[in-house]
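The values are calculated or read from the model by the stated rules, or taken from the named source; none is laboratory data. All values reported here derive from a predicted model rather than from experimental measurement. With ideal geometry, Cβ positions are generated from the backbone for all residues, glycine too; neighbour counts draw on all protein chains shown.
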Amino acid sequence: MKLLIPEDEIRAAVRRLGAEITRDFAKSDPVVVPILSGSFMFAADLIRELPFPLEVDFMKVSSYKDATAPQGPIEVHLEPGTPLRGRPVLIIEDIIDSGGTLLRIIEDMRRAGAEPVKVAVLLDKRGEKGKPVPVDYTGIKRACDFVVGYGTDYAGHYRNLRGIYVLDEPDIAAYR
């Protein structure tokens, strides 16, 4: 594994995002929806930077299935239980890669009546590829390969790392 983003750079990005989101949401009582499981560390740190009333609910989706690229259709395992109609929603996602999963989540929130729907992403790694997904708050932009750490995983492993690392083939092979 190779360190891509150190802990101090992540913390600085989270503080900056907290200030931007506070500016936009401080008077709106939003529903904040972290996407599990990858965003849990980022979401916990980011939510602590938001000094205004908000509700937190969760959504869990999967598309990778222990692989390093999406594997078929997006599966929704948990949807928010909070009524979203007429409420502002802030989706918190760890990484945007192709954008397909995030587009589906945004559509689901809008169908539930949320308005507006905004997105905060820690790491945008699309580079020149990927779908044109509206990301309102981006922590770090970096085109890169498959990454783990700070909540993100490969086959359930590496979530506990404080930084974000590029996972190489020997690391992947160890869990096959």
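Looking only at segment 118-128, decide whether some residue is among the small types (Gly, Ala, Ser), assigned to a helix (DSSP H, G or I) and either in contact (Cβ under 8 Å) with a residue 24 or more places away in the chain or closer than 26 Å to Lys27 by Cβ (or both). No, the conditions are met nowhere in segment 118-128. May I ask you to verify whether Pro73 is touching an Asp or Glu at 6+ places or on another chain (Cβ under 9 Å) and either at pLDDT 95 or above or not in a helix (DSSP H, G or I) (or both)? For Pro73, the condition - touching an Asp or Glu at 6+ places or on another chain (Cβ under 9 Å) and either at pLDDT 95 or above or not in a helix (DSSP H, G or I) (or both) - is not met. Among the residues of segment 138-158, just one is touching an Asp or Glu at 6+ places or on another chain (Cβ under 6 Å), surrounded by 20 or more Cβ atoms within 10 Å (Cβ to Cβ) and outside any loop (DSSP other than H, G, I, E, B), namely Thr152.
When segment 115-160 is filtered for residues that are of a type in the set (A, V, I, L, M), at pLDDT 90 or above and within 22 Å of Ser62 (Cβ to Cβ), the ones remaining, listed by number, are Val117, Val119, Ala120, Val121, Leu122, Leu123, Val135, Val147, Val148.
Of everything listed in (1) in contact (Cβ under 8 Å) with a residue 12 or more places away in the chain; (2) in a helix (DSSP H, G or I); (3) in contact with a Pro (Cβ under 9 Å, 6 or more places away or on another chain); (4) surrounded by fewer than 15 Cβ atoms within 10 Å (Cβ to Cβ), the single unmet condition for Arg11 is (3).
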